[in-house]
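One structure is given below, encoded as structure tokens.
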Ligand code: COA
């Protein structure tokens, strides 16, 4: 049932394939409690996280991304030769220069357009927005990969952040399809307070030197409470905007796949929207916060659990450092 008159349609694009790569090593809350002043009980009750995957020494973001992309192409029944662009959403690139996407493209054997999107934890939705536009306007099959090794930029001795993050990658292949719809999207950013969630040093503002290493200011820090409040309000705001623009109500949403930072944030967003909890997909318990990888990982997880059906309306929403936020509506189509 339509709630309002639609003002924006989605792009005629569908997800043709989904693929993931989670590092082999699983670190449980009890494992962390052996080396940090924390407990399984604290982590579970504050975040819903039970375990996370951690990249092996030497395993970088592009390694995870390439594996997820290969799986997504296999899933779509396509080869890399079919792909015209490769977008990697990441905030933990292999190197500052070059971007991670060209490395992934080379690994896949492609000379297609390849570029990174850094919108932190919202990066995958930003990447999808760009890819949907490209795919719908002549570029054909486009790969979007969310890939992160957040555990590399977190101080392992800082319990306030070390327990929250995990590593992983998820990828989708978007293809044009006149019978499908991806969007509308709503994206936003407020960069007036970057220190709410950031790595203070290690960029051009303050390059790494001996003092930075001594104080550890190249590690990620955040004001958890402020991040929490903004995450809830911005994700709900983005979600309301896309529902309104699509002219549908929350009762029309079959599944909500939000950025998997914290189960309490997901619950609070669902509650603000009036969305029943059984339509809120949770994967953060097993993945931790994997930033730009969290939505494709959760989407694949939902499909594995039989929660995505042909024609379903899926609401995506994310929030991240920047601040950045975004939401989008996907009509799920089973691959013919
Ligand atoms: N184990 C045990 N205690 C911890 C801890 C840990 N891993 N991390 C912090 N604490 C302590 C703090 O030192 C503080 O102690 P104090 O009160 O003695 O100073 C206390 O726990 C804070 O507890 P509380 O205020 O109840 O925490 P919270 O309910 O605000 O939860 C977060 C903290 C970080 C889980 C929560 O703010 C959050 O999820 N924020 C968003 C984080 C996020 O998702 N970031 C990425 C967004 S993309």
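Taking 0.36 nm per intervening residue step and subtracting the Cα-Cα distance, what contour gain separates residue 271 from residue 334 on full extension?
Result: 19.8 nm gained on full extension.
Give the Debye-formula value of log10 I(q)/I(0) at each listed q (0.13 Å⁻¹), with one equal scatterer per alpha carbon of the chain, two decimals each.
Values, matching the q order: -0.92.
May I ask you to derive the relative contact order of the chain, considering only C-alpha pairs under 8 Å and at least 6 residues apart, and to give it as an integer percent?
27 percent
Starting from the Cα of residue 74, step 7 Å along the direction of its Cβ; do the same at residue 313; then give the gap between the two resulting points in nm.
Taking the two extended label points, one gets 3.5 nm.
Please order 235, 196 by the number of other Cβ within 10 Å, starting at the fewest.
The most exposed by this proxy come first: 196, 235.
Sorting check: for 291-299, 204-212, which peptide has the highest mean count of neighbouring beta carbons within 10 Å, and how do the rest follow?
291-299, 204-212
Label residue 113 and residue 9 with points 7 Å out from Cα along Cα→Cβ: what is the distance between them in nm?
2.3 nm
If you count the DSSP beta bridges with both ends in the chain, what percent of them are antiparallel, to the nearest 5? Working shown, then result.
On the way: 39 of 56 bridges.
Of all bridge pairs located within the chain, approximately 70 percent are antiparallel.
For a protection proxy built on the mean count of beta-carbon atoms within 10 angstrom, sort 12-25, 62-75 highest first, please. Don't skip to the answer; put the middle values down first.
Details: 12-25: 21.9, 62-75: 24.3.
The peptides rank, most packed first, as 62-75, 12-25.
Among 34, 333, what is the fewest-to-most ranking by other Cβ atoms within 10 Å?
Ranking 34, 333 by Cβ neighbours within 10 Å, fewest first, gives 34, 333.
Exposure proxy check: 47, 90 ranked by fewest other beta carbons within 10 Å?
So the residues, fewest neighbours to most, are 47, 90.
Quickly estimate the mean residue ellipticity at 222 nm for the chain, helices only: each DSSP H run with n ≥ 4 gives -39500 (n - 2.57), and the total goes over all residues, rounded to 500.
-9500 deg cm²/dmol
No lab work stands behind these numbers, since they all come straight from the coordinates. Quick caveat: nothing in here was measured; it's all calculated off a predicted structure. FYI the Cβ positions are ideal-geometry reconstructions off the backbone, even for glycines, and counts take in every protein chain you see.
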